[in-house]
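K.L.:
What follows is a structure written as structure tokens; I'll ask about it next.
Taken together, the values in this text are just the output of simple stated rules run on the coordinates, not laboratory data. No experiment lies behind these values; they were computed from the predicted model shown. Neighbour counts are summed over all protein chains in view; Cβ atoms, including those assigned to glycine, are modelled from backbone coordinates with ideal geometry.
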Amino acid sequence: MNCPRAETGMSLVEVLIASTLLGFVMMTTLTTVSYSLSTLRMARNTTRLHEYMNSYVEELRVHPYADIQALAALPQPVNMATAITTESMSAVLPANVTASGNFSTVNVSTPTEMGMIALELTMTWTESSGLVRTKKIYTTFSQNGLSDQYYVGTGF
């Protein structure tokens with residue numbers, strides 16, 4: 001004897017359950033893809049900030065110590081986009097990134113002691129979503145050159 005259910009196909013309840021399960025799978029997949037793209041965009045922006053920060057530090061490193069002393073003598077924080085006006089630096093920073101530096105004298109240069117100036121370089125990036133992210137790098141400059149640098153991230 002033939003089963004009437006096999007002849008008529010799936011019932012309405014079975015179609016609704018299958019559709020609901022398919023909907024959950026699709027929503028989970030879309031949420032995962034969206035989160036992955038957001039994380040990728042944040043990583044790309046963080047990498048760009050590191051590149052900009054390294055460019056500023058390297059640009060400052062090639063300047064004479066007297067130029068670093070002059071920056072430390074300015075009112076703090078120093079707007080780095082206007083303080084460094086070389087052709088390579090002026091074209092690098094996008095409109096949604098700001099760069100500021102706080103210079104502080106660690107050791108005053110004397111005949112018996114080497115001069116040293118600390119820099120806290122802060123870059124702020126505004127995401128397209130309006131979220132503001134900040135990255136900082138700390139470094140020191142001495143009369144004999146750059147001695148150390150390290151990054152600190154906030155807002156990530």
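K.L.:
Out of region 26-120, which GluC sites (Glu not before Pro) are coil in DSSP terms and have no more than 11 other C-beta atoms within 10 Å?
P.N.:
Numbers: sites: 51, 58, 59, 87, 113, 120; in loops: 113.
Passing both the DSSP loop test and the Cβ count: 113.
K.L.:
Points 7 angstrom from Cα along the Cβ direction at residue 143 and residue 38: gap in nanometres?
P.N.:
For residue 143 paired with residue 38, the spin-label model returns 5.3 nm.
K.L.:
Given labels modelled 7 Å from the Cα in the Cβ direction, how far is it in nm from residue 108 to residue 128?
P.N.:
Label-label distance for residue 108 and residue 128, simple model: 5.2 nm.
K.L.:
Here is a further query. Measuring from label point to label point, each 7 Å out along Cα→Cβ, what is the residue 26 to residue 59 span in nm?
P.N.:
Placing both labels 7 Å beyond Cα along the Cβ direction yields 5.0 nm.
K.L.:
Work out, step by step, the length gained on full extension between residue 70 and residue 15: first 0.36 nm times the residue separation, then minus their alpha carbon distance; give nm to one decimal. Please list the in-between numbers first.
P.N.:
Numbers: separation 55, 0.36 × 55 = 19.80 nm, distance 7.56 nm.
Taking residue 70 through residue 15 to full extension adds about 12.2 nm, to one decimal.
K.L.:
When a/c is below 1.5 the answer is rounded, else prolate if a/b is larger than b/c, else oblate, so apply that to region 19-137 with a ≥ b ≥ c taken from the square roots of the Cα gyration tensor eigenvalues. Display every interim value, and only then the final one.
P.N.:
Details: a/c = 3.89, a/b = 3.15, b/c = 1.24.
Here region 19-137 falls in the prolate category.
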